[in-house]
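Peer 1: Structure in structure tokens, see below.
All of the numbers you see were taken from the coordinates with simple rules; none came from a lab. Computed from a predicted model, the values in this text were never measured in an experiment. Every residue, glycine as well, gets a Cβ built from its backbone with ideal geometry; the counts of neighbours run over all protein chains shown.
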Amino acid sequence: MKLSIKAFMLLLYAIIVLFFTSISVYMYISQRDKMVDLIASDVQKNLLEVSYYASKVIDNVNNVSVVKPMIDRRIASNEIVDRFLIFHNEKLLFNSSLVNSDISGKNGISGNLKNISFYDLLHKQGFATNIYIYQQDQQIRLNLVLILNHKLLQQNFSDLKINFLVIYCVIFIFVYLFLWKLIDKYLIYTLEKLRQYAYYNSSIPPVMMIKELEYIRSSMLQTFTRLEVEKEKLYKASITDELSGLSNKNHLEERLGRLISRSRRDKKEFAFVFMDIDHFKDVNDLLGHSVGDKLLVDISKKLPDVVRTNDIVARIGGDEFALVLSEYSSHIELTMILERILDMVDSEWHVEGHKVKISASMGVSLYPRDGENIENLLKNSDIALFEAKNKGRARYNFFTQELNEKIITEIETNNQMREALKHGEFELYYQPKVDILSSKIIGAEALIRWNSPTKGLVPPNSFIPIAENSGFIVELGEWIFKTAFNQQLEWSQQSYLKDLVLSVNLSVKQIANDKFIDTFQTIFTNSGADSRYLEIELTESVFINSAGQALEVVNLFRSLGFMISLDDFGTGYSSLSYLKKLPFDIIKIDKTFIDDYNSISGKVYIDTIIKMGHSLGMKLVAEGVETQEQLEFLKELECNIFQGYLCSKPLPVKQFEELVLKTNS
């Protein structure tokens, strides 16, 4: 039969308890017998002393009471003595107690006090000895009997038993708990830790106090450490490409599977890039496989440096690599990464004394558009790679022609915009803002326009979104501020234009730029413009996407004296909360509400916005007013300002100035 550690310890404890109890019982009996011997000795002493005294003072059987004072003192000084009796030939001559004795003759009386037992002490009525007196030269024998206080004796022995039991229990419980904790801590607990470590490879047990157990622990630790190292080596070998040290195809599929699950949950896109080295076979054939392998190793070392830490780089085999790019903000940023990879590969490599000039081709598929599993992404990126090679190699190609063309167009537009800014192809147009009551132009909104020598006037919706995605809007926005502030300064020097308020739009990307505040302050200070006649237009998206920075920027504008307007009001999610929290001067009613002015709901919305704005002390600007009927409706609702084609479309500065002169004169 096999016992567990705890069962074995319980059996051991039972044996210890039995042994400890036996020792305790033996000690109790020994202690009790010692107490019996002491009482018997005291009884014998009392009998001898009283009998000796009585033999001296009693000279007649009729005057035995002369011993009463002496006996009373004895009884008073000894609690276990109940009374003394004196007999003569079975006749009671003396009783120290007032209570009549129930003892008749010598029944229940013992004369032997040697080797008396506990049983005898409690069950004998008394103990006797002889008194010899002389009466007229005749020796008379009297019997002196000492009656014990049995009640007190029983109480004393009972107290002894109780005290001993209490002491036994306290000591036993203390010893038991001490042994249990000691054994549990240094044996049971440690053995259980060793068992868990052996079965589940849990946390490493601490150093053990028991030498033999420590030997076992150390041996297990060495064994498991060696196994863990070997397991780690095997796992690393299974997921790592032996030549390059990059992830192999197995590891790529494992990581890609996790990325697909996360991207499906978060509804995010990522790019799967299939890349191979152009004409790599020629390197192997001309310079040998050792040079080719060394070239692959050198490329593998540099690839992780041109992508981000969260991107995946793997070698599929031969000269084929796979890259998984995620967390890019736009397709323009994605293409920048692809360009970096191509530039890194397309360079002169020095391998074992040889100069090798190579390039790479890449095929790109996007999750989930081009595939929702590993197989489809790999297949489609391979097709895109084939197309890249057909187009002349040393390039990348997206799987779908439509997306490929769209991204190429965006890249071309982005590059053209940067060149256009250098060559002064951008200019500001101004759309008038008209006071509804006086019908005079009181301000203008500055709007960017691109006059391309090859494309003509490029619509804003064709390049502004691209500028936003690529980040070029930051650089373009600086030019807009400089131009607008300089224009306001020029107008301030002409009497019919000096009171015009010029408004400029601000985008999310501009606010998100870390250097925006410093750059803006520098531009404004250097311009010399008057902030009382400048207005900054913000949309709700600014506060949704960059709430912290936006609040800081708004406070800056307010401290510099700019007016602030909330553009496209009503099209977002939290208009009322922004009106409550932020110090806007103007609310711009979006064109979509003005277009719907003729419906019941449209009228209600416009009326509500205007009344709310007035109650908050703000001015109201209606955008996109195109008909006289719309203007009359707004006039009835006491809207302050309008802008739209009813007055004028956005105009170049000269035409705008002419319109102001004509309208306000």
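Peer 1: Hey, can you rank 242-251, 181-190 by average C-beta count inside 10 Å, highest first?
Peer 2: So the peptides 242-251, 181-190, ranked by packing, come out 242-251, 181-190.
Peer 1: For Y134, what charge total do you get from the other residues with a beta carbon under 13 Å from its beta carbon, if Lys and Arg give +1 and Asp and Glu give -1?
Peer 2: Combined, the nearby Lys, Arg, Asp and Glu give 0.
Peer 1: Here's something else I'd like to know. Give the distance, in whole Å, between the Cα centre of the range 599-663 and the Cα centre of the range 209-280.
Peer 2: 65
Peer 1: To the nearest 10 degrees, how steep is helix 600-615 against the longest Cα principal axis of the chain, on a 0 to 90 scale?
Peer 2: Taking the Cα atoms of the chain, the angle to 600-615 is about 70 degrees.
Peer 1: Once you list every other residue whose beta carbon is under 9 Å from the beta carbon of D276, what net charge do they have if Lys and Arg are +1 and Asp and Glu are -1?
Peer 2: -2
Peer 1: Quick one: which residues, 5+ away or cross-chain, put their amide H under 5 Å from the amide H of D82? H built at 1.01 Å from N.
Peer 2: I147, L148, N149
Peer 1: Okay, moving on. Specify which residue in the list L142, S330, F19 is farthest towards the positive end of the charge dipole of the chain, using unit charges on the beta carbon of Lys, Arg (+1) and Asp, Glu (-1), about the Cα centre.
Peer 2: Going by the charge dipole, the pick is L142.
Peer 1: Enter the angle in degrees (range 0 to 90, nearest 10) between the Cα long axis of helix 516-527 and the first principal axis of the Cα atoms of the chain, meaning the one along which they spread out most.
Peer 2: The helix 516-527 is inclined about 40 degrees to the chain.
Peer 1: Placing unit charges on C-beta atoms (Lys and Arg positive, Asp and Glu negative, everything else neutral), compute the dipole magnitude of the chain about its Cα centre in debye, rounded to 20.
Peer 2: Using Cβ point charges on Lys, Arg, Asp and Glu, the chain gives about 4340 debye.
Peer 1: Oh, and also: If one computes P(r) from the Cα atoms of the range 593-639, what percent of pairs lie at distances over 17 Å?
Peer 2: Beyond 17 Å sits 23 percent of the P(r) for the range 593-639.
Peer 1: Turning to a different aspect of this structure: Pairwise over distinct Cα atoms, reciprocal of the mean inverse distance: report the Kirkwood radius of the range 135-187 in Å, one decimal place.
Peer 2: So the Kirkwood estimate lands at 16.0 Å.
Peer 1: Also: Amide H of S503 versus every other amide H placed in the peptide plane: which residues, excluding those fewer than 5 positions away on the same chain, fall under 5 Å?
Peer 2: A444, E445, A446, E535
Peer 1: While we're on this one: Relative contact order (percent) for the range 425-476, with alpha-carbon contacts under 8 angstrom and 6 or more residues of separation?
Peer 2: Here the relative contact order equals 27 percent.
Peer 1: Would you list W491, W180 from fewest to most Cβ contacts within 10 Å?
Peer 2: W180, W491
Peer 1: Output the 0 to 90 degree angle, nearest 10, between the alpha-carbon long axis of helix 211-239 and the longest principal axis computed from the alpha carbons of the chain.
Peer 2: 20
Peer 1: Using C-alpha positions alone, give me the convex hull volume of the range 406-523 per residue in cubic angstrom.
Peer 2: That works out to 134 Å³ per residue.
Peer 1: List the extent of the Cα atoms of the range 413-664 along each of their three principal axes, largest first, rounded to whole Å.
Peer 2: Extents along the principal axes: 49, 43, 34 Å.
Peer 1: Here's something else I'd like to know. Based on the Cα coordinates of the range 240-399, what is the per residue volume of their convex hull in Å³?
Peer 2: In the range 240-399, the Cα convex hull volume per residue is 101 Å³.
Peer 1: Continuing with this model, one more query. Stokes-Einstein D for the range 602-665 at 10 °C, 1.306 mPa s, Kirkwood Rh over Cα pairs, in µm²/s?
Peer 2: Translational diffusion coefficient: 122 µm²/s.
Peer 1: So, one more: Counting other Cβ atoms within 10 Å, keep those with at most 12, restrict to DSSP loop, and tell me which GluC sites (Glu not before Pro) in the range 19-102 are left.
Peer 2: Listed in order of number, the matching sites are E79, E90.
Peer 1: Over the chain, what is the relative contact order in percent, taking alpha-carbon pairs closer than 8 angstrom and at least six residues apart?
Peer 2: 7
Peer 1: Quick check: Cα centre of the range 165-181 to Cα centre of the range 494-510, how many Å?
Peer 2: 92
Peer 1: Continuing with this model, one more query. Considering the dipole of the chain built from charges on the beta carbon (Lys and Arg +1, Asp and Glu -1) around the Cα centre, which of L366, L234, L259 is farthest to its positive end?
Peer 2: Ranked along the dipole, the leading option is L234.
Peer 1: Can you tell me what share of the DSSP beta bridges in the chain is antiparallel? A percent to the nearest 5 is fine.
Peer 2: Once the DSSP bridges in the chain are tallied, antiparallel ones form about 70 percent.
Peer 1: What translational diffusion coefficient, to the nearest whole µm²/s, does the range 442-584 have by Stokes-Einstein, given a Kirkwood radius computed over alpha-carbon pairs, a temperature of 4 °C and 1.567 mPa s viscosity?
Peer 2: Rounded to a whole number, D works out at 81 µm²/s.
Peer 1: Which listed residue (L502, I436, P69) has the Cα farthest towards the positive end of the charge dipole for the chain, taking +1 on Lys and Arg C-beta and -1 on Asp and Glu C-beta about the Cα centre?
Peer 2: Projecting each Cα onto the dipole axis, the largest value belongs to P69.
Peer 1: Let me ask another. So what's Rg/Rh here for the range 1-82, counting alpha carbon atoms and using the Kirkwood radius for Rh?
Peer 2: We get a ratio of 1.52 for the range 1-82.
Peer 1: Further question on the same structure: Using only the Cα atoms of the chain, what do you get for the radius of gyration and for Dmax, in Å?
Peer 2: 55.7, 174
Peer 1: Tell me which residues come under 5 Å, amide H to amide H, from I131 once H is placed; ignore anything under 5 positions away on its chain.
Peer 2: L142, N143, L144
Peer 1: With 15 Å as the cut-off, how large is the P(r) tail for the range 152-246, expressed as percent of Cα-Cα pairs?
Peer 2: The answer is 74 percent, as a whole percent.
Peer 1: Based on other C-beta atoms within 10 Å, arrange Y168, Y13 from fewest to most.
Peer 2: Y13, Y168
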